[in-house]
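FYI, it's all coordinate maths here, none of it is from the lab. Quantities reported herein were computed from a predicted structural model and do not represent experimental measurements. Every residue, glycine among them, receives a Cβ derived from its backbone with ideal geometry; neighbour counts consider all protein chains shown.
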Amino acid sequence: LTSLTIPVTLGGNDVTYISGSSFHFSEFTNLQTLNFDVYTKINEMPFLTDCTNLANINTTGDSYQYQDRLPTSIRAIPSTCFRGTAISSMYMSGVNSIGSNVFKDCNTIESITIPNSDVSIADGAFSYIPSSCVINGISGPLSNWPVQKIAYSPNLYVKCSDGAIGWCGDGGTS
């Protein structure tokens, strides 16, 4: 299994949640692509921890596909959700909560876009990601971006929604 599409309905019922205790994505060692329908009602991203070959999470509509984009229904990204995946880019427009170590050990991540200006970001959310990764859309002035959010990701580059652009300190000392 290299590609999996999460259905909008199953047995006539809306799919609104994928339980980590009943469905283990990490067992799909060859999974490369996860697709969501644009009309999905899932509001919390399922755990994809250690899906080492997973490179694409897409949202598809009737005649289009948004590559590397979460559906707008997904509001929460739990801690370690994408840990160890091969994702290179992620656009999270509906997300309002990001847990810790979400992208830990995602050695291929190049860009993360969070256009929502009202998002709660846990300490360490962007820890242990490559310093070459660019985070776009973070709200507020760059000077208010706490180093705890990026601990152990030295010199991470952030483009804030207020237009501020810059490096976020050494990241590994606080």
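Which whole-Hz ³J(HN,Hα) couplings does segment 106-111 yield from phi under the Karplus relation 6.51 cos²θ - 1.76 cosθ + 1.60, θ = phi - 60°, glycine and proline marked x?
Running phi through 6.51 cos²θ - 1.76 cosθ + 1.60 with θ = phi - 60° gives 8, 6, 9, 5, 10, 8 Hz.
Between LYS41 and SER63, what is the spin-label point distance in nm, taking each point 7 Å from the Cα along the Cα→C-beta axis?
Those two pseudo-labels are separated by 2.8 nm.
Using θ = phi - 60° and the Karplus form 6.51 cos²θ - 1.76 cosθ + 1.60, what ³J(HN,Hα) does each residue of segment 31-45 get, whole Hz, x for Gly and Pro?
Karplus values, whole Hz, x for Gly and Pro: 4, 10, 9, 10, 10, 10, 7, 4, 9, 4, 10, 5, 10, 10, 5.
Quick one: which residues, 5 or more positions from TYR91 or on another chain, have an amide H under 5 Å from its amide H? H modelled 1.01 Å from N in the peptide plane, none for Pro or chain starts.
ARG69, LEU70, THR113
Quick one: divide the alpha-carbon radius of gyration of segment 14-105 by 2.2 N^0.38 Å and tell me what you get.
0.99
Starting from the amide H of ASN35, placed 1.01 Å from N in the peptide plane, find each other amide H under 5 Å away whose residue is 5 or more places distant or on another chain.
Answer set, sorted by chain and number: LEU4, THR5, ILE6, ASN58.
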